[in-house]
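The values are calculated or read from the model by the stated rules, or taken from the named source; none is laboratory data. Predicted model, so just to flag it, every value in this text is computed and none were measured. In this analysis, Cβ positions are derived from the backbone assuming ideal geometry, glycine residues included, and neighbour counts consider all displayed protein chains. Quick note on the areas: whole protein, heavy atoms, side chains included, nothing else; ligands and nucleic acids left out. Shrake-Rupley method; radii C 1.70, N 1.55, O 1.52, S 1.80 Å.
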Amino acid sequence: RATPSTSPTALMSLIPYTVASCSSEDEQHPARELQSFHSQSRGWQSSRFCDFPQEIVLKFGGPVNVQQVQLLSHQFKIATRIELFVGSLAEGQAEPPASGFEGIQFSRLGHFSLDCNERSKFQARELKTVYVPRRADGLYLRLLLHKCHVNEH
């Protein structure tokens, strides 16, 4: 959730984005699944036996002020920790690059942890809402997902 950075009094709302990059994806669960959520969405999964951390970069349609991030985790494929970064144009950079991230400066916002989900016997997904404690203007949101919790699945 974010507000357009040109409107400081706007109410929080969902901001459209595209997946600008991801370090890996499963053929059955590609990163583009993150771009539209509905009851039949399958979500994104990294490729099997991938290296960690995994990275997903989301690109907004214009400058936004990120105030909170919501993430819905799988019931047993669960990252231990997720770091958040906001990306904005470097000073003197007028336009975002056509591809890649040259001229984009990423600032670390912080990290959060996810529960291993043993208590629900791996039946429940966790919806995590993270509030960003300081002003975070940018065009990109970078998520760095660390290794998964070890479980029987």
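I'm trying to understand the selection: among the residues of the stretch 82-110, which are surrounded by fewer than 13 Cβ atoms within 10 Å (Cβ to Cβ) and within 15 Å of ALA20 (Cβ to Cβ)?
GLU95, PRO97, ALA98, SER99, GLY100, GLU102
Every residue in the stretch 23-47 that is in contact with an Asp or Glu (Cβ under 7 Å, 6 or more places away or on another chain) and within 22 Å of THR80 (Cβ to Cβ), please. Walk me through how you get there before you give the answer.
So the first thing to find is which residues in the stretch 23-47 are in contact with an Asp or Glu (Cβ under 7 Å, 6 or more places away or on another chain), and the list is 23, 31, 41-47.
The answer is SER23, ALA31, GLY43, TRP44, GLN45, SER46, SER47.
Restricting to the stretch 92-101, count the residues that are over 12 Å from LYS59 (Cα atoms) and at pLDDT 85 or above.
Number of matching residues: 0.
Within the stretch 58-81, restricting attention to residues that are of a type in the set (Val, Ile, Thr) and either more than 19 Å from LEU141 (Cβ to Cβ) or open to solvent by 40 Å² or more (accessible area, probe 1.4 Å) (or both), which residue is modelled with the highest pLDDT?
Taking the stretch 58-81 first, the residues of a type in the set (Val, Ile, Thr) are 64, 66, 69, 78, 80.
Filter once more, so that each one left must be either more than 19 Å from LEU141 (Cβ to Cβ) or open to solvent by 40 Å² or more (accessible area, probe 1.4 Å) (or both): 78, 80.
Working: ILE78: 66, THR80: 79.
The residue in question is THR80.
Listed residues GLU55, GLU33; which is part of a strand (DSSP E or B), at pLDDT 80 or above and open to solvent by 20 Å² or more (accessible area, probe 1.4 Å)?
None of the other options fit; the residue is GLU55.
When you scan the stretch 111-123, do you find a residue that is over 18 Å from GLY43 (Cβ atoms), at pLDDT 85 or above, among the polar types (S, T, N, Q) and open to solvent by 40 Å² or more (accessible area, probe 1.4 Å), even just one?
no
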